[in-house]
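The values are calculated or read from the model by the stated rules, or taken from the named source; none is laboratory data. Treat the numbers as computed from the prediction; the structure is a model and nothing was measured. Positions of Cβ are backbone-derived with ideal geometry, glycine not excepted, and every protein chain shown enters the neighbour counts.
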Amino acid sequence: MAASLPLDPAQLPDDAVEVGRIADAWGVKGWFKVLPHSRDPQALFASRRWYLQPSERGGAKTFSGTLRLSILQAREHADVLVAQAQGIDDRDAADSLRGARIFVARSGFPSPAQDEYYWVDLIGLQVSNREGVALGQVRELLSTGPQTVLVLACEQDGKAHERMIPFVSAFVDTVDLPEKRIIVDWQPDY
């Protein structure tokens with residue numbers, strides 16, 4: 001069905017990050033609802049070029065490969081994010097995108113404020129304490145409501161282990177993205 005959609009086949013950029021998925025058609029003029037993976041979907045608002053791939057599980061798959069979508073508008077409406085794209089002019093065309101995964105180039109993300117970081121930039125960083133003891137590598141981040149927690153993959157007694165450190169200024173001394181490391185005030189036995 002990709003031939004009936006006015007979308008360009010494309011290569012996924014090397015720095016592509018999955019930022020959401022298309023939930024459903026919205027209205028009759030080709031708009032669609034988007035479920036962002038972030039509570040603050042600035043990357044979706046900032047990028048005018050989205051890359052779509054079909055859902056990995058379930059749902060209708062109306063196209064294959066990677067398609068480029070030129071975004072005309074993306075905005076919040078009530079409690080959802082809605083978008084309009086070039087060439088998607090009616091409800092049927094918008095509905096054919098249901099379930100598609102949305103990627104944008106990381107280079108297109110807005111610059112974060114001082115001492116703010118995109119989670120995707122923290123994953124994979126090595127974490128050590130002030131004394132230089134390696135504590136692990138950031139595997140993921142968890143939002144626990146009032147704070148974010150670094151989830152580290154590490155070894156303890158030769159076995160894979162998990163360590164959690166609150167990502168707050170009381171414990172995080174330095175985030176050095178170019179050096180791919182985080183220095184924390186944390187001991188291995190915590």
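Table: residues versus (1) among the hydrophobic types (A, V, I, L, M, F, W, C); (2) assigned by TED's automatic domain parsing to the domain that holds Gly124.
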residue: Pro146; (1), (2): no, yes
residue: Val149; (1), (2): yes, yes
residue: Leu152; (1), (2): yes, yes
residue: Gln156; (1), (2): no, yes
residue: Lys159; (1), (2): no, yes
residue: Arg163; (1), (2): no, yes
residue: Ala170; (1), (2): yes, yes
residue: Val175; (1), (2): yes, yes
residue: Asp189; (1), (2): no, no
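Considering (1) out of contact with any Gly (no Cβ under 8 Å at 6 or more places or on another chain); (2) of a type outside the set (S, T, N, Q); (3) without any contact (Cβ under 8 Å) to a residue 60 or more places away in the chain; (4) buried (at least 19 other Cβ atoms within 10 Å of the Cβ), the lone condition that Phe103 does not fulfil carries the number (3).
Can you find a residue that is at positive phi and in contact with a Pro (Cβ under 9 Å, 6 or more places away or on another chain) anywhere in region 68-88? Talk me through it step by step, then tell me what you get.
Of the residues in region 68-88, the ones at positive phi are 78, 87.
Keeping just the survivors that are in contact with a Pro (Cβ under 9 Å, 6 or more places away or on another chain) gives 87.
Yes - at least one qualifying residue is present in region 68-88.
Would you check if Arg91 is closer than 16 Å to Ala10 by Cβ and either in contact (Cβ under 8 Å) with a residue 60 or more places away in the chain or not assigned by TED's automatic domain parsing to the domain that holds His37 (or both)? So Arg91 does not fit the description; no. Being surrounded by 15 or more Cβ atoms within 10 Å (Cβ to Cβ), over 15 Å from Arg101 (Cβ atoms), in the same structural domain as Arg98 (by TED's automatic domain parsing) and of a type in the set (S, T, N, Q) is a description that applies to Gln84.
Yes or no, residue by residue, for (1) polar (S, T, N, Q); (2) closer than 30 Å to Lys29 by Cβ:
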{"residue": "Gln86", "(1), (2)": "yes, yes"}
{"residue": "Asp92", "(1), (2)": "no, yes"}
{"residue": "Gln114", "(1), (2)": "yes, no"}
{"residue": "Trp119", "(1), (2)": "no, no"}
{"residue": "Val168", "(1), (2)": "no, no"}
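The condition (being under 30 Å from Ile22 (Cα atoms) and over 21 Å from the mean Cα position of the chain (by Cα)) is satisfied by just one residue among Ala134, Ala93, Ala105, Ala170: Ala93. For first residues located in region 29-58 and within 16 Å of Ser70 (Cα to Cα) and in the same structural domain as Gln84 (by TED's automatic domain parsing), partners that are assigned to a helix (DSSP H, G or I) and modelled with pLDDT under 90 and lie 6+ apart or on another chain with Cβ distances below 7 Å form the pairs Val34/Leu44; Ala46/Gly108; Ser47/Gly108. So which residues in region 100-134 are part of a strand (DSSP E or B) and among the polar types (S, T, N, Q), if there are any at all? Hits for region 100-134 are Gln126, Ser128, Asn129. Of everything in region 106-133 that's small (Gly, Ala, Ser) and in contact (Cβ under 8 Å) with a residue 24 or more places away in the chain, which residue is nearest to Lys180 (Cα to Cα)? In this case the residue turns out to be Gly124.
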